[in-house]
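J.: There's a structure below that I have some questions on.
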Protein chains: 2
Amino acid sequence: MRTFRVELGAQAHPVHIGPGLIARAGDLIVAAGLDSTRCAVVTDATVAPLYASPLVESLATAGFEPALIEVAPGEQSKSLHTAETVFEQIAQARIERSGFVVALGGGVVGDLAGFVAATYLRGIALIQVPTTLTAQVDSSLGGKTAVNLRSAKNLVGAFHQPRAVIADIATLSTLGEREFREGLAEVIKYAAIMDGPMIADLERDMDAILRRDLSVLEAVVERSLRHKAYVVERDEHESGLRRILNFGHTIGHALETAAGYGSFLHGEAVAVGMVAAARLSREFAALDISDEARLVSLIERAGLPTAIPTRWRELGLLDAMALDKKRAGGAIEFILLRELGHAITRRLTLDEIVAHLS
Amino acid sequence: MRTFRVELGAQAHPVHIGPGLIARAGDLIVAAGLDSTRCAVVTDATVAPLYASPLVESLATAGFEPALIEVAPGEQSKSLHTAETVFEQIAQARIERSGFVVALGGGVVGDLAGFVAATYLRGIALIQVPTTLTAQVDSSLGGKTAVNLRSAKNLVGAFHQPRAVIADIATLSTLGEREFREGLAEVIKYAAIMDGPMIADLERDMDAILRRDLSVLEAVVERSLRHKAYVVERDEHESGLRRILNFGHTIGHALETAAGYGSFLHGEAVAVGMVAAARLSREFAALDISDEARLVSLIERAGLPTAIPTRWRELGLLDAMALDKKRAGGAIEFILLRELGHAITRRLTLDEIVAHLS
């Protein structure tokens, strides 16, 4: 097991990475300082049959009384409606202020259960137990929680730091191929924005990663999470540095919205978004064309899409971007690469983006 | 106009009290440092015809572009469902991170619009423009926002400090008699828990208050808000001192829930709760019987109910209290009076409460 701390003052917390950690979650949660008896495990119908029993057992052995709350799998559960059904079950289970919520699953469950923990009784403790690569390398750390509106993704939410992140990498072996590969988009993102040498390491290790070699994956998950922690420690509420984590996400989110939730997996949309952002980086940040090609090629080797939809204007991408929550004052805060491993922020107008992507 | 600041570090903000302030709200909001163009005014169908126009006009004159969002009046609007309709309208109005929400109305609108501001884009600025006495002396200050679940009131919410509180006391003249009187419950509460001399002043001024003498009301609203600010400044997130503000509220909330939302107005339930808490204070905090009588008599002069329902067991009060969110570890954190003007906290079991109230 690899462990490090995210240094966030009163919200500082440990991150544990390793195989088989779900069976040890109860003890790790006790070690994180939680001692209420009642808690809720929020998960979805895909993850529950695989991992709910060992987690609930581990919690019970450690002296907790977990209530299991299951939601439907998929993005449509990231809604206020589903949140309400979870809130009502938590109230019925008589979870108190000293209680906590365990989010067992991927990004949807983490965001939804995180939002519930952030707002139930104006905030109770949260433990993240991510089971997808995307959640393990990215969404489980940093305290962002959210649900979607019809208008756009993640418009409603709160910052709420977990009391611990427990990434059991053994769960990665049960992921479908497409779901596993989408997680690599976020891994490549960290390399692109802040760790040039990691690009070379990913090029070297991509075959081992794709055959899910656990020791290589453990190192990749830790390296990604440490990068995320570095950024979050310096800018918890995304008023500056943290924006670089949105590399590939402005166009990625818009693509997800415009194409309809579910046509693209989040990581696939981010992959396309990174390719688009790399192209804009050549124009507005003097990114070398060979660096752009190297990034695109790495994304391709990960089995992720790289083609920017040619008819993206008709897809309503512009409208979706105009609603993007990172917009401020009419222009869009865009993350570009100066070189591989070095991100910068530029304000671009919709016109500038259109002119160079069409 | 009377003005003071609530000292909350980065969340410090001004409080303005006086007649006619709605017409000056735009300028007061500019002075509070907000400069985005787009904002949303959230109000209800009772308040809108009275005060929405002057507020919107004042905002427009100050350079803002307000979108008016109306919800149905009454407690049933404090729901996730209504919140969702407000969120969607805010998204359609393209309110950005730098935008803000103005809550124009009583406690329901303040709590609902506050929750929306706390969670839209993970938090945008909020201005409270309370129009009822309850909201002006209590709920508009302190950063508590919430919506209800079917199970109980205020179970879902967030702490989110307003950027300014603008209490236009001229609005008190349009309140119905019952709604005005319920606000006096919170006024009496401040006197009971932290300002003994204020009890005597309220005894002296009650006639002027009841005929809504604006200069007396201005002083009463300011004194109440300053007491609230004193407590919130020392314990923003209710981990200690702030609990004294729950005097009368544990039984009050349970009464509201058990009797069905709407049978008792909030302040009426709190009035009964204060009478019950005063009786328990005799038993568990050695409150003098003459102090108890003086408090009950002041509540009566304010035209508020003082009778504890004799069949309260059948009303399901105990169940409702067991679900109360101030419960922790099985017992109930109860606020008692040692003397008029001095509150203390005691953990009481449900059995102890039952034994002395039946």
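J.: For segment B:57-71, take each phi angle, set θ = phi - 60°, evaluate the Karplus expression 6.51 cos²θ - 1.76 cosθ + 1.60, and give the result in whole Hz per residue in order, putting x for glycine and proline.
T.: Couplings: 4, 4, 5, 5, 4, 7, x, 8, 10, x, 9, 9, 10, 10, 10 Hz.
J.: Tally the DSSP beta bridges in chain A and give the antiparallel ones as a percent, rounded to 5.
T.: Expressed as a percentage, antiparallel bridges in chain A total about 45.
J.: Return the long-range amide H neighbours of A:Ala67 (sequence gap of 5 or more, or a different chain), with a cut-off of under 5 Å between placed amide H atoms.
T.: Under 5 Å from the amide H of A:Ala67 lie the amide H atoms of A:Cys39, A:Ala40, A:Val41, each far enough along the sequence or on another chain.
J.: Over 19 Å between Cα atoms: which of A:Lys153/B:Lys153; A:Lys78/A:Lys228; A:Lys144/A:Lys228; A:Lys78/B:Lys78 fall into that group?
T.: Numbers: A:Lys153/B:Lys153 28 Å; A:Lys78/A:Lys228 23 Å; A:Lys144/A:Lys228 12 Å; A:Lys78/B:Lys78 21 Å.
With Cα atoms farther than 19 Å apart: A:Lys153/B:Lys153; A:Lys78/A:Lys228; A:Lys78/B:Lys78.
J.: Give the shape of segment A:1-115 as rounded, prolate or oblate, defined through the alpha-carbon gyration tensor: a ≥ b ≥ c are the square roots of its eigenvalues, a/c under 1.5 means rounded, and otherwise the shape is prolate if a/b is larger than b/c and oblate if not. Don't jump to the answer; show the numbers that get you there.
T.: Numbers: a/c = 1.40, a/b = 1.34, b/c = 1.05.
Cα axes put segment A:1-115 in the rounded bin.
J.: Suppose we keep just the DSSP beta bridges with both residues in segment A:100-241; what percent of those would be antiparallel, to 5?
T.: On the way: 4 of 12 bridges.
Roughly 35 percent of the DSSP beta bridges within segment A:100-241 come out antiparallel.
J.: Could you give the distance between the Cα centres of segment B:182-237 and segment A:148-226, to the whole Å?
T.: 55
J.: Could you run the Karplus curve 6.51 cos²θ - 1.76 cosθ + 1.60 with θ = phi - 60° over segment A:183-196 and give me ³J(HN,Hα) per residue in whole Hz, x for Gly and Pro?
T.: x, 5, 4, 5, 4, 4, 4, 4, 4, 4, 8, 8, 8, x
J.: Considering amide H positions built from the backbone, and no H for Pro or chain starts, which residues 5 or more places from B:Ala164, or on another chain, come under 5 Å of its amide H?
T.: Excluding prolines and chain starts, which carry no amide H, the hits are B:Gln128.
J.: Right, next: What shape does segment A:158-302 take by its C-alpha gyration tensor, where a ≥ b ≥ c are the square roots of the eigenvalues and a/c under 1.5 counts as rounded, a/b above b/c as prolate, and the rest as oblate? Walk me through the intermediate numbers first.
T.: Numbers: a/c = 1.27, a/b = 1.11, b/c = 1.14.
Rounded shape, in that the Cα axes give a/c under 1.5.
J.: Can you list the copy-to-copy distances for A:Pro54, using a point 7 angstrom from Cα toward Cβ, in nanometres, shortest first?
T.: Counterpart label points of A:Pro54 in the remaining copies fall at 6.6 nm.
J.: Sticking with this one: Can you list the trypsin sites (Lys or Arg not before Pro) in segment A:91-187 that are in a DSSP coil and have 13 or fewer other beta carbons within 10 angstrom? Don't skip to the answer; put the middle values down first.
T.: Working: sites: A:Arg94, A:Arg97, A:Arg122, A:Lys144, A:Arg150, A:Lys153, A:Arg163, A:Arg178, A:Arg181; in loops: A:Arg94, A:Arg97, A:Arg122, A:Arg150, A:Lys153, A:Arg163.
Filter output for segment A:91-187: A:Arg150.
J.: Can you list residues whose amide H is under 5 Å from B:Lys144's amide H, if they're 5+ apart or on another chain and H is modeled 1.01 Å from N?
T.: Excluding prolines and chain starts, which carry no amide H, the hits are B:His160.
J.: While we're here: Which FRET efficiency value, to the nearest 0.05, do you get for B:Glu7 and A:Asp207 by plugging their Cβ-Cβ distance into 1/(1 + (r/R0)^6) with R0 = 56 Å?
T.: Values: r = 59 Å, r/R0 = 1.06.
Calculated transfer efficiency: 0.40.
J.: Also: Placing the label point 7 Å from Cα along the Cα-to-Cβ direction, what are the distances from B:Leu8 to the equivalent spots in the other copies, shortest first, in nm to one decimal?
T.: 2.0
J.: Helix B:80-92 versus the longest principal axis of chain B: what angle, 0 to 90°, nearest 10, using Cα atoms?
T.: Between helix and principal axis, roughly 20 degrees.
J.: Stick to Cα atoms and the Kirkwood definition of Rh, then tell me Rg/Rh for the protein assembly as shown. Could the numbers behind the result be given before it?
T.: Details: Rg = 27.1 Å, Rh = 26.9 Å.
Over the Cα atoms of the protein assembly as shown, Rg/Rh equals 1.01.
J.: Considering only DSSP beta bridges with both partners in the protein assembly as shown, what is the antiparallel share in %, to the nearest 5?
T.: Working: 38 of 85 bridges.
Taking every DSSP beta bridge with both residues in the protein assembly as shown, the antiparallel ones total about 45 percent.
J.: So how far apart, in nm, are the two label points at A:Ala355 and A:Arg338 if each is 7 Å from Cα heading toward Cβ?
T.: That separation, rounded to one decimal, is 2.3 nm.
J.: For the rotation that brings chain B onto chain A, whose beta-carbon in chain B is nearest the axis, and what is that distance in whole angstrom?
T.: That would be B:Leu80, 3.
J.: In whole Hz and in residue order, list the ³J(HN,Hα) couplings for segment A:279-291 that follow from phi through the Karplus curve 6.51 cos²θ - 1.76 cosθ + 1.60, θ = phi - 60°; x for Gly and Pro.
T.: Values, residue by residue: 5, 5, 5, 4, 6, 10, 9, 6, 5, 5, 5, 6, 5 Hz.
J.: Another question about this same structure. Assign one of three labels to segment A:78-161, namely rounded, prolate or oblate, based on the Cα gyration tensor with a ≥ b ≥ c the square roots of its eigenvalues; rounded applies when a/c is under 1.5, prolate when it is not and a/b is larger than b/c, and oblate otherwise. Before the final figure, lay out each step's value.
T.: On the way: a/c = 1.72, a/b = 1.21, b/c = 1.42.
In terms of gyration-tensor shape, oblate.
J.: Right, something else. Report the Cα centroid-to-centroid distance between segment A:23-64 and segment B:47-74 in angstrom, as an integer.
T.: Cα centres, segment A:23-64 to segment B:47-74: 48 Å.
Readers should treat all values here as calculations from the given coordinates under stated rules, not as data from a laboratory. Because the structure is predicted, anything quoted here is derived from the model rather than measured. For neighbour counting, all protein chains shown are included, and Cβ atoms are generated from backbone atoms with ideal geometry for every residue, glycine included.
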